[in-house]
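Worksheet: one structure, shown below.
The values are calculated or read from the model by the stated rules, or taken from the named source; none is laboratory data. Here the structure is a predicted model, which is why all the values come from computation and not from measurement. Cβ: placed from backbone, ideal geometry, glycine included. Neighbour counts: every protein chain shown.
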Amino acid sequence: MKALVVFYSRTGITKEVAVLISEELDCDIEEIFDVKTRKGFLGFIKSGIESVFRIMPKIKETEVDPKNYDLIIIGTPIWAGNMASPVRTYLSLNNEKLDKVAFFCTMKGDDPKKTFLEMERVSESKPLACLALEDEEIKKEMHIKRIKEFIKKIKASGNR
């Protein structure tokens with residue numbers, strides 16, 4: 001199965017997980033980039049507002065076409081209880097190109113169920129697997145085993 005990991009990361013935590021997943025699967029990876037900056041306190045506030053109101057900001061054009069892959073693994077931080085707004089934009093722009101998907105998120109103790117349901121709705125695809133990791137798990141390097149379990153579940157689901 002040819003896979004692609006697509007992610008957005010404002011602070012680098014989600015990127016760390018995305019890189020580990022792509023290395024474990026030996027697959028391609030693409031980062032979603034904003035057109036405008038989200039640095040500092042104002043960037044943090046702006047991000048939360050966009051997420052709550054489901055605003056879809058402009059993102060830089062991606063280089064990789066998801067229709068060329070059998071599986072797209074999409075990663076997002078959770079902002080104010082929702083997926084990151086740049087991920088919402090990506091999913092909305094590419095939902096017709098997404099067949100098999102899996103989702104992962106990073107968070108500071110939020111409930112990921114709502115985020116995964118929203119990602120499913122916007123992508124118009126039911127995920128093969130979902131993984132939610134708390135930032136503290138990642139900082140203490142307690143996430144490796146859970147990533148391997150996530151990949152195992154994806155592989156098992158993809159062969160059905």
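Taken over the range 67-118, the criterion of being hydroxyl-bearing (Ser, Thr, Tyr) and over 20 Å from ILE49 (Cα atoms) is satisfied by TYR69 alone.
Restricting the search to the range 83-102, which residues are assigned to a strand (DSSP E or B), of a type outside the set (Lys, Arg) and more than 20 Å from PRO57 (Cβ to Cβ)? Across the range 83-102, the qualifying residues are VAL101, ALA102. Taking first residues from the range 131-157 that are touching a residue at least 60 places away in the same chain (Cβ under 8 Å) and partners that are surrounded by fewer than 19 Cβ atoms within 10 Å (Cβ to Cβ) and part of a loop (DSSP other than H, G, I, E, B), the Cβ contacts under 6 Å between residues at least 6 apart in sequence or on separate chains come to ASP135/LYS108. On the stretch given as the range 119-154, residues that are closer than 15 Å to LEU71 by Cβ and assigned to a loop (DSSP other than H, G, I, E, B) total 2. Once the range 23-54 is narrowed to residues that are in contact (Cβ under 8 Å) with a residue 24 or more places away in the chain and among the polar types (S, T, N, Q), the residue that is surrounded by the fewest Cβ atoms within 10 Å (Cβ to Cβ) is SER47. Considering only residues that are within 16 Å of the chain's Cα centre (by Cα), of a type in the set (A, V, I, L, M) and under 19 Å from ARG88 (Cβ atoms), which ones fall in the range 18-48? Across the range 18-48, the qualifying residues are ALA18, ILE32. Can you pull out every residue in the range 74-107 that is of a type in the set (S, T, N, Q), more than 14 Å from GLU120 (Cα to Cα) and in contact (Cβ under 8 Å) with a residue 60 or more places away in the chain? Hit for the range 74-107 is THR106, nothing else. Looking across the range 81-138, just one residue is within 22 Å of LYS15 (Cβ to Cβ), acidic (Asp, Glu) and loosely packed, with under 15 Cβ neighbours inside 10 Å, and that is GLU136. Going by what's in this entry, would SER22 be described as among the polar types (S, T, N, Q) and at pLDDT below 95? No.
Annotation: of all residues in the range 49-76 being among the charged types (D, E, K, R) and part of a loop (DSSP other than H, G, I, E, B), the one that is modelled with the lowest pLDDT is ARG54. Of all residues being at pLDDT 90 or above and in contact with a Pro (Cβ under 8 Å, 6 or more places away or on another chain) in the range 34-48, which is nearest to ASN68 (Cα to Cα)? Just the residue, please. Within the range 34-48, the match that is nearest to ASN68 (Cα to Cα) is ASP34.
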